[in-house]
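Read the structure below first, then the notes.
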Amino acid sequence: MPSRLENKWIVITGASSGFGAAAAKAFAGQRAKVLLGARRLDRLKAVASDAKEAGAPEAHFHHLDVSYTDSVEAFAKWSRTHTDKIDVLVNNAGGAMGLDKVADAKDEDWEFMMQTNVLGVLRMTRACLPLIVNNPGSTILNIGSIAGRTAYEGGAAYCAAKAGELQITRALRLELCGTGVRVCTVDPGFAETEFSLVRFKGDAERAKKVYEGLEALTAEDIAETLVWVASRPPHVCIDELVIKPTDQAAIHKVHRRTVTK
Ligand code: NDP
Ligand code: 8X3
């Protein structure tokens, strides 16, 4: 049976690493066409080439910084040079910066988290909506987090940002009801990508400790889930999907099998 995603146009933000890069390859494996955005062009070029190899009939990339409206609008304009309709928009760009308590945290870290996870999702969605609204069966797929559902110490701004993403998803679903456009959020727990390396500003040892002793989710686990959500029949909307490692029963309840000192 041909894939429902064959020859569909998929826009992925934050496609230069982690979930976004894995999603580019997973959608490509369904013979979908991918438009990829992020700030690191060298990485995007490699991901686009991998996507072609994985079966994408077309794979293109363009600079995108979701923190800036101009950049988002330039990206959307470039998208229109390839297609006049978007079938799946994956709002994935984002992440955490720092794990400081409110008393010690820095404005620039808060600003990164709000700009990417909250305003970035709003900007990208607004810019792409003209290519989505007249396309029933299309999907806006936002990447949230279990952090948007449960708070943790040091996570005030990140948890707030992902809670913001969840409410944006819910509001947008109400706004688009009747258009046939699905609005979904996939909310992962611990997944071993560059997420913690970015959060800890390049401290690889500290980043590795986050996943020590447990079998974390992989980027491929999430990519496979995104493909599944986007390939449901058009009348089926997976509103909210929480996905965690089996070793993580809740945000604070993690079973670590081995811990080295
Ligand atoms: P990575 O750090 O591996 O990937 C983050 C991606 O976001 C990169 O491609 C990065 O690209 C991009 N990005 C960051 N800032 C911007 C920006 N201003 N404009 C455009 N792109 C940007 O982490 P993940 O793959 O894990 O994270 C992807 C999403 O998943 C994030 O929203 C994160 O919050 C969320 N998430 C992650 C979890 C985890 O445990 N890993 C769990 C739950 C949610 P570049 O730097 O090239 O711009
Ligand atoms: C990433 C999951 O628990 O590290 O969103 O915040 S967590």
* To do: Identify all residues within the stretch 165-177 that are touching a helix residue (DSSP H, G or I) at 6+ places or on another chain (Cβ under 8 Å) and more than 12 Å from ligand 1 (Cβ to nearest atom); write none if there are none.
  => I168, L172
* Evaluate the stretch 225-238: report whether one residue or more is within 12 Å of ligand 1 (Cβ to nearest atom), free of Cβ contacts under 8 Å to residues at least 24 places away in the same chain and more than 22 Å from L166 (Cβ to Cβ). => no
* Report yes if some residue within the stretch 74-86 is under 30 Å from G202 (Cα atoms) and of a type in the set (A, V, I, L, M); otherwise report no. => yes
* From the set of residues in the stretch 89-141 that are of a type in the set (S, T, N, Q) and more than 22 Å from L5 (Cβ to Cβ), which is farthest from ligand 2 (Cβ to nearest atom)? -> Q115
* Asked: Got at least one residue in the stretch 7-20 being surrounded by fewer than 24 Cβ atoms within 10 Å (Cβ to Cβ) and under 23 Å from A191 (Cα atoms)?
  -> yes
* Residues V259, V236: which one is farther than 23 Å from N117 by Cα and modelled with pLDDT under 95? -> V259
* Report those helices (runs of 4 or more DSSP H) wholly inside the stretch 87-192 carrying at least 2 residues which are free of Cβ contacts under 8 Å to residues at least 24 places away in the same chain and either open to solvent by less than 10 Å² (accessible area, probe 1.4 Å) or under 23 Å from D70 (Cβ atoms) (or both). => 107-113
* Do you know which residues across the stretch 49-65 are within 13 Å of ligand 1 (Cβ to nearest atom) and surrounded by fewer than 24 Cβ atoms within 10 Å (Cβ to Cβ)? -> H62, H63, D65
* Restricting attention to the stretch 21-48, and to residues there that are of a type outside the set (A, V, I, L, M, F, W, C) and under 17 Å from the mean Cα position of the chain (by Cα), which single residue is surrounded by the fewest Cβ atoms within 10 Å (Cβ to Cβ)? -> R40
* Can you find even one residue in the stretch 30-46 that is away from ligand 1 (no atom under 13 Å from the Cβ), of a type in the set (G, A, S) and over 17 Å from V121 (Cβ atoms)? -> yes
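Could you pull out the residue among G189, G180, G202 that is at pLDDT 95 or above, in contact with a Pro (Cβ under 8 Å, 6 or more places away or on another chain) and away from ligand 2 (no atom under 15 Å from the Cβ)?
On the way: G189 fails: away from ligand 2 (no atom under 15 Å from the Cβ); G202 fails: in contact with a Pro (Cβ under 8 Å, 6 or more places away or on another chain).
Matching residue, one of G189, G180, G202: G180.
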* Asked: Within the stretch 206-224, how many residues turn out to be assigned to a helix (DSSP H, G or I) and either open to solvent by 20 Å² or more (accessible area, probe 1.4 Å) or of a type in the set (D, E) (or both)?
  -> 7
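Can you tell me how many residues in the stretch 30-64 are of a type in the set (G, A, S) and either in a strand (DSSP E or B) or touching a residue at least 40 places away in the same chain (Cβ under 8 Å) (or both)? Spell out how you get there, then give the answer.
As a first pass, look at the stretch 30-64 and keep what is of a type in the set (G, A, S): 32, 37-38, 46, 48-49, 51, 54-56, 59.
Checking the rest, the ones that are also either in a strand (DSSP E or B) or touching a residue at least 40 places away in the same chain (Cβ under 8 Å) (or both) come to 32, 37-38, 59.
Number satisfying all stated conditions: 4.
The values are calculated or read from the model by the stated rules, or taken from the named source; none is laboratory data. This is a predicted model, so every value here is computed, not measured. Because the Cβ atoms are built from the backbone with ideal geometry, glycine has one as well, and the counts that use them run over all protein chains shown. Just the protein is used for accessible areas: all its heavy atoms, side chains included, with ligands, DNA and RNA removed. Shrake-Rupley method; radii C 1.70, N 1.55, O 1.52, S 1.80 Å.
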